[in-house]
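The values are calculated or read from the model by the stated rules, or taken from the named source; none is laboratory data. Remember, predicted model here, so these are calculated numbers, not experimental data. As a convention, Cβ positions derive from the backbone with ideal geometry for all residues, glycine included, and neighbour counts pool all protein chains shown.
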Amino acid sequence: MAATIQTETCPLCDGTGWKSIPAGSHKDERRINERRVTRCDCRLQARNQSLLASARIPRRYEHCELASYSTDFPGAHPSLERAHFKAFRFAQEYDPRDGVGLLFTGTIGSGKTHLAVGVIKELMGKGVPCLFYDYRELLKEIQNSYNSTVQTTELDILRPVFETEVLVLDELGAVKPTEWVGDTVSIILNARYNESRTTIITTNLPNLPPGEYKNNLPSTSKEAARQAWQDKTLGDRIGEPMRSRLHEMCVIVELDGNSDFRKGARSASFR
């Protein structure tokens, strides 16, 4: 005789997905067989888990929450606390009709990705579909789609990037610019801008126009030093028109480069 597989039934809704409530106590209130009901927490939890599973958050960042972003460590710059506050407020006051996102800028280790992931986790807890993409991995996936042996098309990859309600694009500008890279970035950002979709971006590059670093070097610098500073600003990597577009799409959140959130948070956890 085949074994019977038993599944746990929610005691609140008895597996129906709806739980009884007092009249007028919930905005999602409905009438079923003359009972006043609302969506059961078990269904909301299941939806949130589904959103989280499809968000593509890398394992390295699965633990990141806004609540776990601590700035209580020696040497923490005040900009980290300000960035945390802005991220928390954004998640609390999120309105999809605004279409305004966040641009986190700062050097490696300042906690930008932690905050970005923390924000979308808060949003997914409210039922908002979100998608996380590392900028370099996204470009690789698009390039791989040009291979005739691969079944996935460029549009298959880009459609969710275009259409998801909230997109995190991590480490924008991490790939040196080519004509193809520039065109691809423009297509993605313009598509989301035109549809007023929310985009959250992190970058390790200074939010400056092209050539800003190189032009500000002392005149005594050797040519080798000048070459080393090429393509070192966000404007260098994605072009000034796209950098300007980001200023329309996002609230700029700067994290001070002298603060190493990763080292500080790791040290604090052992105190």
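Being without any contact (Cβ under 8 Å) to a residue 24 or more places away in the chain, assigned by TED's automatic domain parsing to the domain that holds SER79, outside any loop (DSSP other than H, G, I, E, B) and surrounded by 14 or more Cβ atoms within 10 Å (Cβ to Cβ), is that true of even one residue in the range 99-108? It would help to see each step written out before you state the result.
Step one: list which residues in the range 99-108 are without any contact (Cβ under 8 Å) to a residue 24 or more places away in the chain, which gives none.
The answer is no; no qualifying residue exists.
Please specify each residue of the range 203-249 satisfying the condition of being basic (Lys, Arg) and either modelled with pLDDT under 55 or assigned to a helix (DSSP H, G or I) (or both). Lay out the reasoning, then the answer.
Here is the first cut: in the range 203-249, the residues basic (Lys, Arg) are 214, 222, 226, 232, 237, 243, 245.
LYS214, LYS222, ARG226, ARG237, ARG243, ARG245 - these are the residues of the range 203-249 that are basic (Lys, Arg) and either modelled with pLDDT under 55 or assigned to a helix (DSSP H, G or I) (or both).
Out of the range 55-90, which residues are more than 19 Å from TYR133 (Cβ to Cβ), in contact with a Leu (Cβ under 8 Å, 6 or more places away or on another chain) and among the aliphatic types (A, V, I, L, M)?
Those that are more than 19 Å from TYR133 (Cβ to Cβ), in contact with a Leu (Cβ under 8 Å, 6 or more places away or on another chain) and among the aliphatic types (A, V, I, L, M): LEU66, LEU80, ALA83.
From ARG159, ARG192, grab the single residue that is over 30 Å from LYS86 (Cβ atoms) and within 21 Å of the chain's Cα centre (by Cα). Before you say what the answer is, go through the steps one by one.
Details: ARG192 fails: over 30 Å from LYS86 (Cβ atoms).
Residue meeting the stated conditions: ARG159.
Can you find a residue that is more than 16 Å from the chain's Cα centre (by Cα) and free of Cβ contacts under 8 Å to residues at least 24 places away in the same chain anywhere in the range 128-142? Show your work before the answer.
Taking the range 128-142 first, the residues more than 16 Å from the chain's Cα centre (by Cα) are 139-142.
Those still in the list that are free of Cβ contacts under 8 Å to residues at least 24 places away in the same chain too: 140-141.
Yes, the range 128-142 contains at least one residue that is more than 16 Å from the chain's Cα centre (by Cα) and free of Cβ contacts under 8 Å to residues at least 24 places away in the same chain.
Consider VAL168 against the criteria (1) touching a helix residue (DSSP H, G or I) at 6+ places or on another chain (Cβ under 6 Å); (2) modelled with pLDDT under 95: it satisfies all of them except one. Which criterion is unmet?
Every listed condition holds for VAL168 apart from (2).
Going through THR164, THR153, THR149 one at a time, which residue ends up being in the same structural domain as GLU248 (by TED's automatic domain parsing), polar (S, T, N, Q) and under 19 Å from the mean Cα position of the chain (by Cα)? Walk me through how you get there before you give the answer.
Numbers: THR153 fails: under 19 Å from the mean Cα position of the chain (by Cα); THR149 fails: under 19 Å from the mean Cα position of the chain (by Cα).
On inspection, the qualifying residue turns out to be THR164.
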